[in-house]
Each structure stands twice: as structure tokens, then as C-alpha cells.
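J.: Sharing a structure with you now.
The values are calculated or read from the model by the stated rules, or taken from the named source; none is laboratory data. These numbers were taken from a predicted model, which means no experiment stands behind them. Cβ atoms come from the backbone with ideal geometry, glycine included; neighbour counts cover every protein chain shown.
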Amino acid sequence: MKKYIEGETKAERKVRKTAEKGCRPLDKSITPVPRQSLHGSPLVYFSTTQFVCCLKYGTKYSADYVNNLYNMVSRNLTVEHQFVCFTEDASGIDERIRVEPIPIMSGVTGWWYKPLFFNPKLALQGTLLFLDLDMIIFKNIDYLFTYEPTKFCIIRDFNRHVIKNYNKFNSSVFRLTTGMHSQVYNNFITNPRSAMTRYHGDQDLIRASVNDGEYAYWPEEWIQSYKWEMRGKPAFDKGPRGNRDFGVNGDPIILNETSVAVFHGDPNPHNCKDQWVIDNWS
């Protein structure tokens with residue numbers, strides 16, 4: 001049965017029907033068509049083909065993490081973009097943030113939803129810069145869109161600080177064009193349980209699926225581990241794992257080229273009492 005909306009043009013109807021099938025072209029020549037977002041308010045598809053994306057699943061990170069990331073990106077990125085959060089729960093997320101649903105899959109949690117960003121039929125068609133929630137962006141990051149523009153870019157894992165030429169991925173920050181390395185998505189979605197058993201995390205699956213020469217590492221000075229590279233790996237306090245802070249708070253060493261501090265493991269930004277973190281995580 002055909003569905004028509006009063007006043008809708010043929011071009012607008014084409015965009016809406018494509019959207020309902022899960023694959024939206026972002027054609028600048030077509031008037032965007034509103035739909036209901038997870039917020040419950042109309043959402044307009046912008047004509048930009050550059051996106052900053054994040055993932056929030058479950059309760060590990062509050063909506064404050066999404067909102068703070070949005071604020072930090074807004075302050076430090078001049079490239080035209082749309083900020084998009086993929087989540088199953090939009091409660092508390094700033095209304096200015098575009099929210100896209102994630103397909104709930106049995107047994108799949110947290111970082112294991114990241115392979116979905118390699119889906120060639122993802123709702124976003126264009127250049128995707130993915131950012132984890134647990135980071136601080138404190139300087140301009142335009143170069144994350146302009147560096148090696150034809151390649152998939154990702155962090156060399158932070159074990160690099162003790163192992164020279166370490167050749168594993170850290171997926172806290174990566175950039176790709178929609179459809180690039182779709183084998184990552186296919187290798188996961190074919191049998192998620194097998195992938196989650198075989199690999200420690202999503203970044204190991206991504207590394208195993210992408211051939212040498214088909215990616216570029218971000219320059220290491222740009223994106224740094226807060227606890228290992230910027231704070232020198234201090235000891236933790238006696239708090240429970242997942243809620244620990246450093247035993248002694250202090251100031252990070254910040255290289256001139258660094259714009260992003262990644263908080264993998266403990267401490268999370270909201271638990272860290274370093275004054276620099278308090279001043280910049282907002």
C-alpha cells in the first residue's frame with residue numbers, strides 16, 4: 001500500500017522511502033524530510049556528509065558523557081559536521097545531538113557495537129569520525145578530517161609507550177568513509193558470538209579484518225593516553241576497579257601537538273580529581 005503525505009513532493013517522498021528502508025542519501029539538492037528521533041521530536045537530515053559519531057550503550061556512561069563530548073567537539077572543530085550519537089536510550093541527551101538507534105542483539109554489549117559503523121548501509125553516508133565517550137578534546141581537531149583523507153585512520157594502541165612499533169589498534173578514535181572495510185561488519189554480524197569469543201575486543205577484530213597498507217595510524221602526538229603518556233602511569237587509589245582515581249593527583253605533561261586525551265580503563269573523567277581534568281571535561 002502506497003503512503004502519501006499531503007504537500008510532499010515526489011523528490012521528498014523518494015528520500016523518505018529510502019530512509020524508511022534504512023539507507024538515506026544526503027543529497028544537498030533535496031529538501032530534508034523530518035522524522036521522529038529517539039528524543040520524540042522531529043529530526044532533520046542535514047546535507048553534510050561529514051559526521052562525528054559516538055556510541056552509548058547501557059549504563060556505564062551517563063548522558064553527561066555524550067553532552068560533554070558534543071560540547072568539546074563544538075569548541076574544537078571548525079569543519080562542517082553533524083554530531084550523532086548511536087544509542088538505545090536517548091534519555092538526558094542534548095536535543096541538539098542527532099540520535100540514531102542501535103539494533104539490540106542478544107549478548108552484544110558495549111564496544112561490540114562498534115563494528116556496526118562499518119556497515120555499508122549505515123544511516124550515515126559520508127565521512128565518519130568515531131570518538132569514544134571517555135576522552136577530553138582540548139584543542140582544534142580539524143586535522144582528524146583532513147589527514148590521509150582516502151585512508152581508514154585509527155590509533156596505534158597505547159602499549160606503544162612500552163613496545164616500539166607496536167602494531168595493534170586502539171579504536172577510541174577512528175575515521176572511515178561509509179562502506180570502507182565492510183568486511184569488519186560482515187565478519188562480526190555473520191556470527192557475533194564467535195567473534196566475541198575469538199577476540200578480546202572490537203579493536204582486535206578490526207585489526208584482524210583490515211590488511212596491512214589499508215590503514216594509517218594517527219600521529220602519536222595528536223592523541224595521547226591520559227594515564228600512561230600524559231600522567232606517566234601513576235598508581236591508583238584503593239577504590240574498586242572501574243571507580244578508581246590516581247593515588248596522588250597532579251598535572252599532565254601536554255605536548256604541543258596533542259589535542260585529545262583518551263581515558264581508557266581507570267580513571268574515568270568523572271572520577272579523576274586532577275584539576276586539569278575538572279577544568280576541561282565539560
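J.: May I ask you to list the residues in segment 94-110 that are under 24 Å from ASN170 (Cβ atoms) and touching a Ser or Thr at 6+ places or on another chain (Cβ under 7 Å)?
T.: ILE102
J.: Checking the conditions here, which among ASP212, ASP134, ASP142 is within 19 Å of LYS56 (Cα to Cα) and acidic (Asp, Glu)?
T.: After applying the criteria, what remains is ASP134.
J.: For ASP134, state whether it is farther than 17 Å from SER171 by Cβ and of a type in the set (Asp, Glu).
T.: No: the conditions fail for ASP134.
J.: Residue by residue through segment 200-228, note down the ones that are in contact with a helix residue (DSSP H, G or I) (Cβ under 7 Å, 6 or more places away or on another chain), surrounded by 20 or more Cβ atoms within 10 Å (Cβ to Cβ) and not β-branched (Val, Ile, Thr).
T.: Listed by number, the residues that qualify are ASP202, LEU205, SER209, GLN224, SER225.
J.: If you don't mind, another one. Can you name the residue in segment 94-152 that is among the β-branched types (Val, Ile, Thr) and in contact with a Cys (Cβ under 6 Å, 6 or more places away or on another chain) and is also farthest from SER259 (Cα to Cα) among such residues?
T.: The residue in question is VAL99.
J.: Output the residues belonging to segment 267-282 that are more than 10 Å from ASP134 (Cβ to Cβ) and surrounded by fewer than 20 Cβ atoms within 10 Å (Cβ to Cβ).
T.: Selection gives ASN271, LYS273, GLN275, TRP276, ILE278, ASP279, ASN280, SER282.
J.: Can you go through ILE154, ILE136, ILE206 and tell me which one is β-branched (Val, Ile, Thr), within 29 Å of SER282 (Cα to Cα) and either at pLDDT below 95 or in contact with a Pro (Cβ under 9 Å, 6 or more places away or on another chain) (or both)?
T.: That would be ILE136, the only listed residue that is β-branched (Val, Ile, Thr), within 29 Å of SER282 (Cα to Cα) and either at pLDDT below 95 or in contact with a Pro (Cβ under 9 Å, 6 or more places away or on another chain) (or both).
J.: Can you pull out the residues in segment 161-183 that are at pLDDT 95 or above and within 23 Å of HIS264 (Cβ to Cβ)?
T.: LYS168, PHE169, ASN170, SER171, SER172, VAL173, PHE174, ARG175, LEU176, HIS181
J.: Which condition number in (1) part of a helix (DSSP H, G or I); (2) surrounded by 14 or more Cβ atoms within 10 Å (Cβ to Cβ) is the one that SER194 fails?
T.: The one condition SER194 does not meet is (2).
J.: In segment 76-93, which residues are more than 18 Å from VAL262 (Cβ to Cβ) and over 12 Å from the mean Cα position of the chain (by Cα)?
T.: Selection gives THR78, VAL79, GLU80, HIS81, GLN82, GLU88, ASP89, ALA90, SER91, GLY92, ILE93.
J.: Every residue in segment 229-264 that is small (Gly, Ala, Ser) and either outside any loop (DSSP other than H, G, I, E, B) or loosely packed, with under 15 Cβ neighbours inside 10 Å (or both), please.
T.: GLY232, ALA235, GLY239, GLY242, GLY247, GLY250, ALA261
J.: Go through segment 184-223 residue by residue and tally those that are free of Cβ contacts under 8 Å to residues at least 60 places away in the same chain and either charged (D, E, K, R) or under 17 Å from ASP266 (Cβ atoms) (or both).
T.: Residues meeting the conditions: 5.
J.: Just to verify a result, which residue in segment 265-280, among those that are in contact with a Phe, Trp or Tyr (Cβ under 9 Å, 6 or more places away or on another chain) and part of a loop (DSSP other than H, G, I, E, B), is nearest to ALA63 (Cα to Cα)?
T.: ASN268
J.: Name every residue in segment 234-253 that is modelled with pLDDT under 95, within 27 Å of the chain's Cα centre (by Cα) and among the basic types (Lys, Arg), in order of residue number.
T.: ARG241
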